[in-house]
Amino acid sequence: MSLTEQTAAELSTGLQAGQFSAVDVTRAFLDRIEQTDQSLRAFLAVRSDRALQDAAEIDKRRAAGASLGPLAGLPVAVKDVVCVRGERTTAGSRMLESYHPPYDATIIDRLRDAGAVLIGKTNMDEYAMGSSTENSAYQVTANPWDVERTPGGSSGGSAAAVAAGQTPLAVGSDTGGSIRQPAAFCGVVGVKPTYGRVSRYGLIAYASSLDQLGPFARTAADAALLLQAISGHDPRDSTSADEPTPVFTEGLAKPLKGLRLGVVGEHFGDGLDAEVAAAVRKAIAVYEALGATCVDVQLPHSRYAIAAYYIIAPCEASSNLARYDGVHYGRRTDETELRKEWRREREELRKASDREGLKKQDSLLVAMYRKSRSAGFGSEVKRRIMLGAYALSAGYHDKYYVKALQIRRLIREDYNRAFGDVDLIIGPVAPHAAYRLGEMVDDPLAMYLGDLYTVGANLAGLPGVSTPCGFTASGLPIGVQLQGSPFSEPALLNAVHQYQQVTDWHERRVQI
Ligand code: GLN
């Protein structure tokens with residue numbers, strides 16, 4: 001089997017046995033990127049030389065008998081929303097086109113400590129706002145299973161890269177589904193951890209109370225390896241949970257006998273594509289065959305989840321993105337025009353009273369802010385900023401923002417109640433498989449509705465995974481989602497691992 005077809009666990013075994021070196025592995029994946037990325041456009045930056053240097057360093061240390069981390073010599077691609085010191089980090093936005101962070105995100109430190117080889121930064125929807133990766137200011141990523149289709153989003157680059165064998169492992173971020181949905185569209189495993197499990201320090205914020213970083217991989221065992229490396233309390237992130245990190249790979253082999261799986265009736269109602277519904281139902285039957293019992297559960301407020309999410313996320317985004325004005329942060333617009341204006345007004349300023357003069361200067365500064373923001377942000381980001389600013393404005397704050405927070409609490413209580421009766425909840429990830437590029441770009445509301453099954457976990461802070469469970473007649477992957485109570489990642493990974501022992505959907509390789 002070629003190196004790029006192996007799982008991270010297999011590569012790790014081979015590396016330890018000396019069958020090949022970290023440089024061999026890195027070179028194989030770099031070659032694969034070189035061959036395929038012209039048609040996929042999954043990467044915004046490939047760290048060819050640096051990755052090979054890092055790999056050579058690992059080989060040297062191994063030869064010297066040094067103790068190496070659990071990801072030693074394994075390539076990892078990281079969504080371009082995570083800061084890497086001195087290396088351009090754009091969040092998919094024109095606004096950050098020349099941003100070179102002066103520091104590393106905590107997960108980058110942790111990946112390095114674990115011995116991972118950072119192979120590149122992946123494409124994404126601008127500021128992680130979107131579901132198709134078409135909102136990137138730089139390029140549109142294609143789905144490896146059908147290059148006319150979207151890989152999903154917003155972490156479409158990371159999902160496509162793993163699906164196409166450009167990297168065995170990748171990191172994405174999930175604010176409302178952006179790990180799970182692209183994992184489903186691309187036929188790979190995606191894990192959205194419990195809020196607080198993975199440090200957000202150095203993650204460029206979209207909606208801080210919802211954002212979580214997490215792994216993409218082909219198997220549950222590989223996802224467990226990567227999650228292990230990036231998890232854990234971080235004093236630099238005040239929302240990071242001070243919880244011990246379990247050994248995620250330890251519980252994978254546990255039989256599922258007695259597992260209680262919740263099925264939410266409403267999640268199989270109108271709007272769910274028939275092929276997706278059939279594949280998810282089949283997955284449920286596989287779990288029953290593995291010894292799980294299925295119980296109907298109710299999440300009565302889940303029908304308001306989209307409405308609440310699309311108030312809360314834009315509100316937080318409008319606040320988080322206020323700093324990008326071309327002065328404090330972000331790309332400044334071309335000042336030539338403004339300078340001309342300034343010169344024209346200088347005479348008048350001289351004549352004006354101090355007070356009027358100050359006002360005029362102010363208005364020039366505001367004009368610069370406005371122009372910088374107008375040129376730096378794409379239309380979806382502007383739409384979210386306007387939505388959020390409106391919902392937070394005096395007079396509307398209680399009607400929209402506070403109301404949405406109340407719904408959020410009810411959604412969390414629904415989940416709490418459900419997890420009194422069941423261990424995990426199973427259902428679809430998205431209402432349909434990957435759609436055509438361009439198909440939804442003019443209909444943002446339709447795209448928002450696609451997040452129906454994923455936003456609940458973010459609103460409630462819960463972990464969720466997506467794993468491949470079938471294909472449509474036209475050959476597109478379908479994913480099944482499992483959600484659990486806070487910090488139940490071991491149970492989720494165990495459930496996915498056991499499913500993968502008796503199915504082979506995750507082993508299908510795309511021809512590209
Ligand atoms: N599609 C959702 C949105 O556009 C989720 C994005 C995400 O999880 N980052 O907000």
Residue 48/residue 254 FRET efficiency (R0 41 Å; Cβ-Cβ; nearest 0.05) = 0.50
May I ask you to evaluate 6.51 cos²θ - 1.76 cosθ + 1.60, the Karplus curve with θ = phi - 60°, for each residue of segment 4-15 and list the ³J(HN,Hα) values in order in whole Hz, giving x for glycine and proline?
-> 6, 8, 7, 6, 4, 5, 5, 4, 5, 4, x, 5
Net charge (Lys, Arg +1; Asp, Glu -1) of residues whose beta-carbon lies under 13 Å from that of residue 439, residue 439 excluded, is -3
On full extension of the chain, what length is gained from residue 13 through residue 383, given 0.36 nm per residue of separation minus the C-alpha to C-alpha distance?
-> 128.4 nm
Assertion target for 321, 410, ordered by fewest C-beta neighbours within 10 angstrom first, is 410, 321
Under a plain spin-label model, where a point goes 7 Å from the Cα along Cα-to-Cβ, how far apart in nm are residue 303 and residue 239?
-> 2.9
Count neighbours as other Cβ atoms within 10 Å of each site's Cβ, and list the trypsin sites (Lys or Arg not before Pro) in segment 237-287 that are DSSP loop with at most 10 such neighbours.
-> 257
Under 12 Å from the Cβ of residue 498, count the other residues' Cβ atoms, weight Lys and Arg +1, Asp and Glu -1, and hand me the total.
-> +2
Go through 60/121; 79/282; 79/254; 79/382 and tell me which ones have a Cα-Cα distance over 27 Å in this structure.
-> 79/282; 79/254
What are the lysines whose alpha-carbon lies under 26 Å from the alpha-carbon of residue 359, with same-chain residues fewer than 8 places away excluded?
-> 340, 351, 371
Quick note on 154, 21, 231, ordering by fewest other C-beta atoms within 10 Å, gives 21, 231, 154
Given charges at beta-carbon only (K, R positive; D, E negative), |dipole| of the chain in Debye = 1220
Calculate for the chain the 222 nm mean residue ellipticity that helices alone would give, adding -39,500 (n - 2.57) per DSSP H run of length 4 or more and normalising by residue count, nearest 500 deg cm²/dmol.
-> -13000 deg cm²/dmol
FRET efficiency for residue 67 and residue 329, using Cβ-Cβ distance with R0 set to 51 Å, rounded to 0.05 | 0.80
Rel. contact order, % - alpha carbon contacts under 8 angstrom, at least six apart, the chain | 18
Any idea how far apart residue 405 and residue 340 come out in nm if each label point goes 7 Å out from Cα toward Cβ?
-> 4.7
Pairwise FRET efficiency - residue 270 versus residue 2, Cβ, R0 = 41 Å, nearest 0.05 | 0.40
Toward the positive end of the charge dipole of the chain, about the Cα centre and with charges on Cβ (Lys, Arg +1; Asp, Glu -1), which of 279, 481, 2 goes farthest?
-> 481
Using θ = phi - 60° and Karplus 6.51 cos²θ - 1.76 cosθ + 1.60, couplings along segment 193-210 (whole Hz; Gly, Pro as x) = x, 4, 4, x, 5, 10, 4, 9, 5, x, 8, 5, 6, 10, 10, 4, 7, 10
Could you pull out every residue, at least 5 positions away or on a different chain, whose amide H is within less than 5 Å of the one on residue 469? Hs are placed 1.01 Å off N in the peptide plane, and Pro or chain starts have none.
-> 478, 479, 480
Taking 7 Å along the Cα-to-C-beta vector as the label spot, tell me the residue 281-residue 442 distance in nanometres, rounded to one decimal.
-> 3.6
Would you work out if segment 96-242 is rounded, prolate or oblate? Take a ≥ b ≥ c from the square roots of the eigenvalues of the alpha-carbon gyration tensor; rounded if a/c is under 1.5, else prolate when a/b is larger than b/c, oblate otherwise.
-> prolate
For 315, 294, order by how many other beta-carbon atoms lie within 10 Å, fewest first = 294, 315
Classify the chain as rounded, prolate or oblate from the Cα gyration tensor: take a ≥ b ≥ c as the square roots of its eigenvalues, call it rounded if a/c is under 1.5, otherwise prolate when a/b beats b/c and oblate if not.
-> oblate
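Laboratory data are not the source of any read-out in this text; all were calculated from the coordinates shown. Note that this is a predicted model, so its numbers are computed, not measured. So basically every Cβ, Gly included, is an ideal-geometry build from the backbone, and we count neighbours across all protein chains shown.
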